[in-house]
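**Student:** This is the structure, below, for whatever I ask next.
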Amino acid sequence: MSTYVFSDVHGHRATLERVLERVSPAADDRFFCLGDMIDRGPDPVGVLRVCRALPNVSALMGNHEDLMMSCLNDPADPLASLNWGINGGAKTSTGLAELSDDEANDLVDWVRDLPRWDQAVVGGRRYLLVHAGVNLSAPAPDVWDDDSAAAYLRAQDPEELSWIREEFWGAERGLSGADGSGPVVVAGHTPTPYLERMARDLDRAPLGGDGLARMVRVGADRWDIDCCAAGGAGVGQVLILRLDDGEEFYEPVREGE
């Protein structure tokens, strides 16, 4: 059994399907999708369908799913509609409108119930899985186990789990103790090229020699896996990261997809 994590596909269904073909998941593998499946790209509804069908999948609420639900929960609110629209929601709204009522309602209900966080222990290391990051000023437990990690994440502001940016990536340190123990926070939301002006102690340049975005580790315990798929062809990629061994599976976004 392997454990995979990815984030911020932003409607690029064809790109996601290609990288999944390379990963070739087994029936007992686990997938964590950290949100922002929708908006901007050409087939957000297709991405929702693909993510939902993955084996043993746990998908999270990203800020774009949050924008969508704010709009759909109160269609009469002009600000909610405006916020979703200016953040790329037109493709998603159109895609949902093209479905039957039953399928559209089924997908929307699935998104509505998505959690804001999850956790996994792989190879003896604990991973806190969120869309955007955590508020590092919140008191951390002395001992990290399933219960204390869940309590730490439940105590976070749900909005910050989906929206936080500079306060998380720009903090002087993460959750690891002086001995290097403690969980790794894996998040998306912030395209990795942004980290060059936001964070310290990057493990490598966010853009590879081919000009495409790649994941970046901030210190030892903050991993950004938003590889700029929202930016489209030329810079954007979809990454699936295997937590068991750190293998990175990339697929560039192609023109027109």
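Derivation of every value follows stated rules applied to the coordinates shown; laboratory data play no part. These numbers come from a predicted model, not from an experiment. Ideal geometry is used to build each Cβ from the backbone, glycine not excepted, and the neighbour counts take in all protein chains shown.
**Student:** To the nearest 20 Debye, how big is the dipole of the stretch 3-252 about its Cα centre, given +1 on the beta carbon of each Lys and Arg and -1 on that of each Asp and Glu?
**Tutor:** Charge dipole, the stretch 3-252, about its Cα centre: 600 debye, nearest 20.
**Student:** Farthest toward the dipole's positive end in the chain, which of 198, 1, 84, given Cβ charges of +1 (Lys, Arg) and -1 (Asp, Glu) about the Cα centre?
**Tutor:** 198
**Student:** Taking the Cβ of each residue in 110, 84 as the centre, tally the other Cβ atoms inside 10 Å and list the residues starting with the fewest.
**Tutor:** Values: 110 13, 84 23.
Final ranking by Cβ density, sparse to dense: 110, 84.
**Student:** What is the magnitude of the charge dipole of the stretch 142-212 about its Cα centre, with +1 placed on the Cβ of each Lys and Arg, -1 on the Cβ of each Asp and Glu, and no other charges, expressed in debye to the nearest 20?
**Tutor:** Numbers: 6 positive and 15 negative charges, 66 e Å.
The calculation lands at about 320 debye.
**Student:** 222 nm [θ] for the chain, helices only, -39500 (n - 2.57) per DSSP H run of 4+, per residue, to 500?
**Tutor:** Working: 9 runs with 80 residues, N = 257.
About -8500 deg cm²/dmol.
**Student:** Using alpha-carbon positions, what is the distance between the centroids of the stretch 57-107 and the stretch 158-226, in Å?
**Tutor:** One Cα centre to the other: 27 Å.
**Student:** List the residues whose amide H sits under 5 Å from the amide H of residue 30, counting only those 5 or more places along or on another chain, with H placed 1.01 Å from N in the peptide plane.
**Tutor:** Under 5 Å from the amide H of residue 30: 2, 3, 4.
**Student:** Taking the stretch 144-257 as the region of interest, what is the percent of Cα-Cα pairs per 10 angstrom bin, listed from the shortest bin to the one with the maximum distance?
**Tutor:** Here the calculated profile for the stretch 144-257 is 13, 42, 34, 10, 1.
**Student:** Find the percent of Cα-Cα distances in the stretch 53-187 that exceed 25 Å, and round it to a whole number.
**Tutor:** Numbers: 3346 of 9045 pairs.
Everything past 25 Å amounts to 37 percent.
**Student:** Is the stretch 121-209 rounded, prolate or oblate when judged by the Cα gyration tensor, a ≥ b ≥ c being the square roots of its eigenvalues, rounded requiring a/c under 1.5 and prolate requiring a/b larger than b/c?
**Tutor:** prolate
**Student:** Oh, and also: Taking θ as phi - 60°, what are the ³J(HN,Hα) couplings along the stretch 3-17 by the Karplus curve (6.51, -1.76, 1.60), each to the nearest whole Hz, with x for Gly and Pro?
**Tutor:** Residue by residue, the stretch 3-17 yields 10, 10, 9, 8, 7, 6, 6, 6, x, 8, 4, 4, 5, 4, 5 Hz.
**Student:** Still on this structure, please answer the following. Rounded to a whole number of µm²/s, how large is the Stokes-Einstein D of the stretch 3-252 at 20 °C and 1.002 mPa s, given Rh as the Kirkwood radius over C-alpha pairs?
**Tutor:** Numbers: Rh = 18.3 Å.
Estimated diffusion coefficient is 117 µm²/s.
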